[in-house]
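Enquirer: A single structure is presented below for examination.
The values are calculated or read from the model by the stated rules, or taken from the named source; none is laboratory data. Being a predicted model, the structure only gives us computed values, none of them experimental. No Cβ is skipped: glycine too gets one built from the backbone with ideal geometry, and neighbour counts run over all protein chains shown.
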Amino acid sequence: MGRVLLPFEFYEPESVAEAIDLARRHSAPFIMGGCTLVPSLRRRQRREPCLVSLARIPGLDDFSIHPRTGMRLGAKVVASALLPHIWAGKRFAALHEACEQLYPPHIGNMGSIVGNLCSGVPYFDLPTAAMALDAELHVTGQGGDRVVKLEDFYTAKFQTVLSRGEVVTQVFCPPHKADSGSSFKKIYRSRRTIDDLHKLNAAAMVTLDEDRARIIDARVVLGSWSFRPHRYRAAEAVLVGEAPNFDLFEQAADAVLAELDPVTDLAWVEKTRFAQCRVLLRDTIAQAASRAKSRHDPFEDAAEILEDAS
Amino acid sequence: MKMLATFNVNGRDRDTVIAPHMTLADVLRDQLRLTGTKRACTGGNCGACTVLMDGVPVCSCIQLAVNARDRKIETVEGLAKPGGDLSALQEAFARNNAAQCGFCTSGMLMTAEALLRSNPRPTREEVKVAISGNICRCTGYVKIVDAIMEATAAAQEAAE
C-alpha cells in the first residue's frame, strides 16, 4: 500500500446546493468520513483529482428514531451515534447490530452510515441490514429531489444509480407494524481461498399477527454473495402465513440457497459456503422471529403508566 | 493547494501548513513532530495510529487532516501529567509489562483512555471489545487487558 495520497483539490462547501454545483463542475465525488475512499485512494484503486467534502454542511448530522415515525438519518450521522439510542436497539435492531459489529470499532466514530450505503462495496454490512429494514435514500441533485429504494440503488460492483453531482442527504427506514423484529448476523471469516469473498452477512425482518402466532410479513436479505445484497422473495413466501418454528426457518434458508449461484468454481469451497450460508440464514430469521415474539416496548409501558395515573 | 491550519492538540493550538491530501497521522508525525502516534497498516485496520478526536478514538491514518481542523485532538503525548509523571493507565501498562515491542502501545493507551472515560468500571469482556480494533502481535493481549483492568476506577479505589 502506498504511503501517501496523491494530491487533490479539496472543496468544503457550506450548503447542499453549493456542494452539488461544485461536484458537477469538477465531476468530483463527495467525501464524509473517508473510511472507504481514503484507503482506496492510497492503494491507487481510484484516482480522484478533486473531492467535495460534506463535513461543513450544517444540518446533515440530524437524526430521529422513533417506532411511530421511523428512522431518519442525515448524511453525516456516524455509525456510533446509533449505539446508545434505545429505539435504534429495540425497533431497528438489524442496523443497530450491524453498526455495533463494525470492525475496527474506531470506524464507527468516523464513517457515516449513508457513506457506507453509497460506497457500493459488495461485502459491507450496513446495506444488508438497511435493506431488511426497507430503507429508502433521499437523493438531491441539480434536477431536484428523488427517493430511491435501497433495493434499486446498486447497479454494479462499486456502482450506484447516483451520477456525479447527486448526493444522498438522508436515509429513511419506515416504521414497522407493532409485532415485528429484525436481526443481523455475519460470518466474518468464511474465506477458504484467495478468490473467495471474506464473509457472509444476512439480515431478516419478521412481522407477526396480533396473536403472535403467524408470520404476516417477512424480509430476508443475504449480502456478500454477489455485488450487492439481495432480497429473496421465494424465502419470504415460504415464511408468510405460517407459524414460526425452526423447521420453517430451515425451509426458508433452503429456498434462498436454491436461488444462489456458485461464486467460485471449487466444489468443496462452494459446499462449505452453502452450508455456512444455510446456518446463517436460519439463525438470522429465527432471531428476528424470536424478537418479534418477545417484543417489549418501554414506550407502551410509559403510555400505560400515564393512563393509570390519569 | 496548501493551507494554513490550526490544530488543537493536547490542549494547545498548533499552527501548521497542510495540504488536503495529508492524513492526520502525517500531520501529527511529520509536521508537529508528535511521533508517539504510529503509522503501521495505513489502512485503518490495526489501530496503532489511534488518537482521540473530540474524546472518541479514530484511526488517524485514514482521517484527512483538513476534516480534523476544528476538533480537539489528543495523542499519547498528552496522557502524562503536566509534571511529566505517567498517568495511572500508563503506570499500569508499565507495571504489567503490557508492552513488548511497543509499536501498538500508543494506540492501545488511547483506546483504553477513551474506554475508561466513558466507562470507568468496565468488565474484562468490555475491555476486550473496546480494544478489538487494536492489533498487537507480541503480547497476546492478556497483559494489556490486565493493565487496563488495573487502571479502572474500581481497582484504584480498592488500592486506596
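Enquirer: Just one of (1) surrounded by 19 or more Cβ atoms within 10 Å (Cβ to Cβ); (2) small (G, A, S); (3) outside any loop (DSSP other than H, G, I, E, B); (4) within 14 Å of another protein chain (Cβ to nearest Cβ) trips up B:A147, so point out which.
Expert: Just one mismatch for B:A147, condition (4).
Enquirer: Separate question: Assuming B:V66 fulfils every condition listed in (1) in a loop (DSSP other than H, G, I, E, B); (2) more than 22 Å from B:T152 (Cα to Cα) apart from one, which condition is it?
Expert: (1)
Enquirer: While we're looking at this one, here's another question. With farther than 19 Å from A:G141 by Cα, of a type in the set (A, V, I, L, M) and in contact with a helix residue (DSSP H, G or I) (Cβ under 9 Å, 6 or more places away or on another chain) as the only criterion, which of A:A28, A:A55, A:A75, A:A88 stands out? Break it down stepwise before answering.
Expert: Numbers: A:A28 fails: farther than 19 Å from A:G141 by Cα; A:A55 fails: farther than 19 Å from A:G141 by Cα; A:A75 fails: farther than 19 Å from A:G141 by Cα.
Of A:A28, A:A55, A:A75, A:A88, the one residue that is farther than 19 Å from A:G141 by Cα, of a type in the set (A, V, I, L, M) and in contact with a helix residue (DSSP H, G or I) (Cβ under 9 Å, 6 or more places away or on another chain) is A:A88.
Enquirer: Of everything in segment B:110-136 that's more than 14 Å from chain A (Cβ to nearest Cβ) and touching a residue at least 24 places away in the same chain (Cβ under 8 Å), which residue is surrounded by the most Cβ atoms within 10 Å (Cβ to Cβ)?
Expert: Step by step, filter segment B:110-136, then rank; the result is B:L116.
Enquirer: Right, something else. Has segment B:53-74 got at least one residue that is over 23 Å from A:E9 (Cα atoms), more than 10 Å from chain A (Cβ to nearest Cβ), surrounded by fewer than 16 Cβ atoms within 10 Å (Cβ to Cβ) and within 18 Å of the chain's Cα centre (by Cα)?
Expert: Quick first cut of segment B:53-74, residues over 23 Å from A:E9 (Cα atoms) only: B:53-58, B:72-74.
Checking which are more than 10 Å from chain A (Cβ to nearest Cβ) leaves us with B:72-74.
Applying the additional criterion that residues be surrounded by fewer than 16 Cβ atoms within 10 Å (Cβ to Cβ) yields B:72.
The next check asks that each one be within 18 Å of the chain's Cα centre (by Cα); those that pass are B:72.
The answer is yes, given that some residue of segment B:53-74 is over 23 Å from A:E9 (Cα atoms), more than 10 Å from chain A (Cβ to nearest Cβ), surrounded by fewer than 16 Cβ atoms within 10 Å (Cβ to Cβ) and within 18 Å of the chain's Cα centre (by Cα).
Enquirer: With A:F227, A:F249 as the choices, which residue is aromatic (F, W, Y) and at pLDDT below 95? Break it down stepwise before answering.
Expert: Values: A:F249 fails: at pLDDT below 95.
Unique residue meeting the criteria: A:F227.
Enquirer: Have a look at A:L60, A:L51 and point out the one that is within 13 Å of chain B (Cβ to nearest Cβ) and buried (at least 20 other Cβ atoms within 10 Å of the Cβ). Before the answer, list the steps.
Expert: On the way: A:L60 fails: within 13 Å of chain B (Cβ to nearest Cβ).
The conditions single out A:L51.
Enquirer: Which strands (runs of 3 or more DSSP E) sit wholly inside segment A:112-191 and have at least 2 residues that are in contact with a helix residue (DSSP H, G or I) (Cβ under 9 Å, 6 or more places away or on another chain) and closer than 30 Å to A:D211 by Cα?
Expert: Here the list reads A:180-187.
Enquirer: For the structure I just gave you, tell me whether A:F30 is surrounded by 14 or more Cβ atoms within 10 Å (Cβ to Cβ), within 12 Å of another protein chain (Cβ to nearest Cβ) and aromatic (F, W, Y). Spell out how you get there, then give the answer.
Expert: Details: surrounded by 14 or more Cβ atoms within 10 Å (Cβ to Cβ): yes; within 12 Å of another protein chain (Cβ to nearest Cβ): no; aromatic (F, W, Y): yes.
When the stated conditions are applied, A:F30 does not pass them.
Enquirer: Also, quick follow-up: Here are some conditions: (1) without any contact (Cβ under 8 Å) to a residue 60 or more places away in the chain; (2) in the same structural domain as A:K157 (by TED's automatic domain parsing). A:E48 meets all but one. Which one does it not meet?
Expert: Condition (2) is where A:E48 drops out.
Enquirer: Checking the condition hydrophobic (A, V, I, L, M, F, W, C), under 24 Å from A:G89 (Cβ atoms) and in contact with a Phe, Trp or Tyr (Cβ under 9 Å, 6 or more places away or on another chain), which residue from A:V220, A:V256 passes?
Expert: Numbers: A:V256 fails: under 24 Å from A:G89 (Cβ atoms).
Going through A:V220, A:V256 in turn, the sole match is A:V220.
Enquirer: Which condition from (1) surrounded by fewer than 17 Cβ atoms within 10 Å (Cβ to Cβ); (2) away from every other protein chain (no Cβ under 11 Å); (3) in contact with a helix residue (DSSP H, G or I) (Cβ under 8 Å, 6 or more places away or on another chain); (4) within 25 Å of A:R228 (Cα to Cα) is the one that A:Q45 breaks?
Expert: Every condition holds for A:Q45 apart from (3).
Enquirer: So for segment A:234-256 (the condition being without any contact (Cβ under 8 Å) to a residue 24 or more places away in the chain and under 15 Å from A:F274 (Cβ atoms)), does at least one residue qualify?
Expert: Looking through segment A:234-256, at least one residue is without any contact (Cβ under 8 Å) to a residue 24 or more places away in the chain and under 15 Å from A:F274 (Cβ atoms).
Enquirer: Ok, one more. For residues in segment A:96-154 being among the charged types (D, E, K, R) and more than 27 Å from A:A235 (Cβ to Cβ), which is nearest to the other protein chains (Cβ to nearest Cβ)?
Expert: Initial filter on segment A:96-154 (among the charged types (D, E, K, R)): A:97, A:100, A:125, A:134, A:136, A:145-146, A:149, A:151-152.
Still in the running and more than 27 Å from A:A235 (Cβ to Cβ): A:145-146.
On the way: A:D145: 26, A:R146: 28 Å.
Once the filter is applied, the top-ranked residue is A:D145.
Enquirer: For segment A:239-251, what are the residues that are assigned to a helix (DSSP H, G or I) and closer than 12 Å to A:V206 by Cα? It would help to see each step written out before you state the result.
Expert: In the first step, residues of segment A:239-251 are kept if they are assigned to a helix (DSSP H, G or I); the result is A:239, A:246-251.
Correct list: A:L239, A:F249.
Enquirer: Among the residues of segment B:32-48, is any modelled with pLDDT under 95, part of a helix (DSSP H, G or I), in contact with a Cys (Cβ under 9 Å, 6 or more places away or on another chain) and at the interface with another protein chain (Cβ under 10 Å from one of its Cβ atoms)?
Expert: no
Enquirer: Only one of these is more than 13 Å from chain B (Cβ to nearest Cβ) and at pLDDT below 90: A:R68, A:R72, A:R24, A:R3. Name it.
Expert: Working: A:R72 fails: at pLDDT below 90; A:R24 fails: at pLDDT below 90; A:R3 fails: more than 13 Å from chain B (Cβ to nearest Cβ).
Matching residue, one of A:R68, A:R72, A:R24, A:R3: A:R68.
Enquirer: May I pose another question? Given the condition away from chain A (no Cβ under 13 Å), in contact (Cβ under 8 Å) with a residue 60 or more places away in the chain, of a type in the set (F, W, Y) and not in a loop (DSSP other than H, G, I, E, B), answer yes or no: does some residue in segment B:5-24 qualify? Steps first, answer last, please.
Expert: Of the residues in segment B:5-24, the ones away from chain A (no Cβ under 13 Å) are B:6-17.
With in contact (Cβ under 8 Å) with a residue 60 or more places away in the chain added as a condition, the list becomes B:6-11.
When the remaining residues are screened for being of a type in the set (F, W, Y), the result is B:7.
If we keep only those that are not in a loop (DSSP other than H, G, I, E, B) too, we end up with B:7.
Checked against the condition, which is being away from chain A (no Cβ under 13 Å), in contact (Cβ under 8 Å) with a residue 60 or more places away in the chain, of a type in the set (F, W, Y) and not in a loop (DSSP other than H, G, I, E, B), segment B:5-24 yields at least one hit.
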